[in-house]
Structure formats: C-alpha cells, structure tokens
Amino acid sequence: MQFLLFGLELLSSLRNMESELQPCFNGRFLAVSKGRSVSVKAVFLYYPRVGMKIICKLTQCCFLRVHPLFFWFWSFHHRMALALCPQALCSLGGWLSLYISFCHLNKHRSYEWSCRLVTFTHGIISIGLSAYIGFIDGPWPFTHPGSPNTPLQVHVLCLTLGYFIFDLGWCIYFQSEGPLMLAHHTLSILGIIMALVLGESGTEVNAVLFGSEITNPLLQMRWFLRETGHYHSFTGDVVDFLFVALFTGVRIGVGARLLFCEMVSPKPKWFVKVGGVAMYAVSWCFMFSIWRFAWRKSIKKYHAWRSRLSEERQQKHNGHLKTH
C-alpha cells in the first residue's frame, strides 16, 4: 500500500514539474529553435544551463516532494556506515577472539566446547544488560513499544548482533544445527538490524533478547553435563526442570503478553510487528520439541521409580519370608 501511495505521489510530482518547466522550455530553447522539436540530447549539448535546471528541478521534485522513503534509505546508509557497522564489527571481532582464546585454552576439547563457552558467556552478559535496561534504565517494554532507542540499547544490540553473526557463521560452517535454529539466528539478526536502522523499537527487541537468553545458560549447562558424564544425576534433573519452566513461563507466557502489547500499540512499524510474530512462532516450534522431550523424560523417570519401588518391596518381602 505504501509503494502504491509512493507511485501516485511521484506521478503527481512529475506532473507539477512538467507544468513548472513548461515556461522554461518555451522561453529558452523552443523559441530559439523556431518551433522545431528539440531532443533531450540537444538540450544538454546546446543549452547546458537549461539542462542543469531540469536536473535540479527533477532532484527537487524527487527528494523534497515525494514520499520520505528516499530519506529513510539515505539515512540507513549514512547511519549504518558511520555508527552502527563499526560497533557490530568490533563486537564480531571480540566474540571471535574469545572463541580463539577458548580453543587455545581447551586444546583437548572439541571446537563445539569452545563455541558453547562463548555462548554461555554471551548469555550471562546479555541477561544482565537486558535486565538492567528493561527493569531499571527503561523504558518499560509493555507500555512503551516502538520508543526511540537509548544509547545503552544501541550498544547492547550491537554487542548481540556481533555474537549472532559469529554463531550463525559457526553453525553453518560446522553444520551443527538444524533449520529451526538457523531460522532463529537469522530472524534475530534481521530484528536487531531493523531496530538499529529505524532508531526505534529497541525496547521490545531488548525484551525479546532477555526472554530468549534467560534459558541459554541452562541449555549450555545441560550440554556440559552430558559431555562430562554428570547429566544423569540430581543436578541434571534440576537443570532440565528449570529450563522447561523458564522457557514455558517467560518465552511463551510473558512473550505472549509482550506480543499482544506490540500488536495493539500504534507506534511500532508493521514490519516490526510481523517480525515479532515470526519470532514467537519460532519459540512455539521450540516449545513443542521441549514438551515432547520433557514428557519422554518424565515417563522414563516414572517407570524407573516404579521399578525401583517394586524391587524394594520384593526385597522386604523376601526378607520377611526368611525370618520365618
């Protein structure tokens, strides 16, 4: 719809330009040519001043009278090149350097071990920073979606953007994740870039970052427990329970509330709302897999408990028989 309005406005501007340039044509070169038609090439060859005036008038009509989409694209290039790209590149270099350092410190471990250490570190840092922004620094995402980005939000989003670019490149290179995780990383990168380019909606993007990363350290702890052989223990059960509870309560429950506030608010752009719906849909895809895992593990635990209880009863019964 916006492109249709843009086309109509451009056509109207061109018509206005034609009416304004008509006296110039008639007085400057049409009269000189004694009524003969003059091509555009002849205008710029024999009447350069008139040609320059046409160019200036066309520029004025296109960039001062038509839809501000032109200015949006221009500001995108300007702001991204001068401010946002260096921060994101520095963040990418920092996470890559941290990964290389972990690889050198853990030579006896796999590359995935070092990558998950980077992921765990990013999870802890992003949770702390996003929680400070959401609960202390503000604004509150449930009441002020679509608000202008604060400097702290921009720094945190650039820091996270560099990490997601690093992690997406690592996953693609080592082919360690499926399409769902790759889609999650791609949507996260696009959402962060969109908030940085627009200069707004960083409030809700930061809230989504908090909800997405709050379960990340638990997920990495679960992987480390499996690698070290300590997963099938009480610690592993606690980690799994907290992971499922936080994912269901925060990412699905609180996420639904945040998405509702985003949709009913008139401030965020329509494509920001579409991105929020896409991220929430990805969360539900993860949720189905997590619930299926939790159900299977609960059934196994229940059968193991019944089997152990049956063995204990059998041992007590056998001992009672022996006493007689």
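Based on this model, can you work out whether residue 186 counts as open to solvent by 50 Å² or more (accessible area, probe 1.4 Å) and in a loop (DSSP other than H, G, I, E, B)?
Numbers: open to solvent by 50 Å² or more (accessible area, probe 1.4 Å): yes; in a loop (DSSP other than H, G, I, E, B): no.
Criteria not met by residue 186.
Filtering the range 138-159 down to residues that are of a type in the set (Ser, Thr, Tyr) and touching a residue at least 60 places away in the same chain (Cβ under 8 Å), which residue is nearest to residue 112 (Cα to Cα)?
Going through the range 138-159, the residues of a type in the set (Ser, Thr, Tyr) turn out to be 143, 147, 150.
Pick out the ones that are also touching a residue at least 60 places away in the same chain (Cβ under 8 Å) and you get 143, 147.
Numbers: 143: 40, 147: 38 Å.
The extreme case among them is 147.
Tell me, please, whether a residue that is in contact (Cβ under 8 Å) with a residue 60 or more places away in the chain, part of a helix (DSSP H, G or I) and among the hydrophobic types (A, V, I, L, M, F, W, C) can be found in the range 230-250.
The answer is no, given that none of the residues of the range 230-250 is in contact (Cβ under 8 Å) with a residue 60 or more places away in the chain, part of a helix (DSSP H, G or I) and among the hydrophobic types (A, V, I, L, M, F, W, C).
Residue 66 is checked against (1) outside any helix (DSSP H, G or I); (2) among the aliphatic types (A, V, I, L, M); (3) modelled with pLDDT of 50 or more and fails just one. What number does that condition carry?
(3)
Limited to the range 224-238, what total is found for residues that are among the β-branched types (Val, Ile, Thr) and over 18 Å from residue 112 (Cβ atoms)?
Here is the first cut: in the range 224-238, the ones among the β-branched types (Val, Ile, Thr) are 228, 235, 238.
Next cut, over 18 Å from residue 112 (Cβ atoms) only: 235, 238.
The qualifying residues number 2.
When you check residue 282 against the structure, is it open to solvent by less than 50 Å² (accessible area, probe 1.4 Å), touching a His at 6+ places or on another chain (Cβ under 7 Å) and assigned to a helix (DSSP H, G or I), yes or no?
Details: open to solvent by less than 50 Å² (accessible area, probe 1.4 Å): yes; touching a His at 6+ places or on another chain (Cβ under 7 Å): yes; assigned to a helix (DSSP H, G or I): yes.
Answer is yes for this residue.
Can you tell me which of (1) of a type in the set (A, V, I, L, M); (2) at pLDDT below 60; (3) under 20 Å from the mean Cα position of the chain (by Cα) is the one residue 58 doesn't meet?
Tallying (1) of a type in the set (A, V, I, L, M); (2) at pLDDT below 60; (3) under 20 Å from the mean Cα position of the chain (by Cα), residue 58 fails exactly one: (3).
Conditions (1) at pLDDT 90 or above; (2) part of a strand (DSSP E or B); (3) open to solvent by less than 30 Å² (accessible area, probe 1.4 Å); (4) aromatic (Phe, Trp, Tyr), marked per residue:
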site: 156; (1), (2), (3), (4): yes, no, yes, no
site: 161; (1), (2), (3), (4): yes, no, yes, no
site: 165; (1), (2), (3), (4): yes, no, no, no
site: 171; (1), (2), (3), (4): yes, no, yes, no
site: 180; (1), (2), (3), (4): no, no, no, no
site: 191; (1), (2), (3), (4): yes, no, yes, no
site: 194; (1), (2), (3), (4): no, no, no, no
site: 210; (1), (2), (3), (4): yes, no, no, yes
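Could you tell me whether residue 274 is part of a helix (DSSP H, G or I) and open to solvent by 80 Å² or more (accessible area, probe 1.4 Å)? Working first, answer last.
Numbers: part of a helix (DSSP H, G or I): yes; open to solvent by 80 Å² or more (accessible area, probe 1.4 Å): yes.
It is true that residue 274 is part of a helix (DSSP H, G or I) and open to solvent by 80 Å² or more (accessible area, probe 1.4 Å).
Please count how many residues of the range 91-139 are surrounded by 15 or more Cβ atoms within 10 Å (Cβ to Cβ), of a type in the set (Val, Ile, Thr) and closer than 17 Å to residue 153 by Cα.
Of the residues in that region, 3 qualify.
The values are calculated or read from the model by the stated rules, or taken from the named source; none is laboratory data. Small disclaimer: the values here were computed from a predicted structure and weren't measured. So basically every Cβ, Gly included, is an ideal-geometry build from the backbone, and we count neighbours across all protein chains shown. Surface accessibility is based on the protein's heavy atoms, side chains included, excluding ligands, DNA and RNA. Shrake-Rupley method; radii C 1.70, N 1.55, O 1.52, S 1.80 Å.
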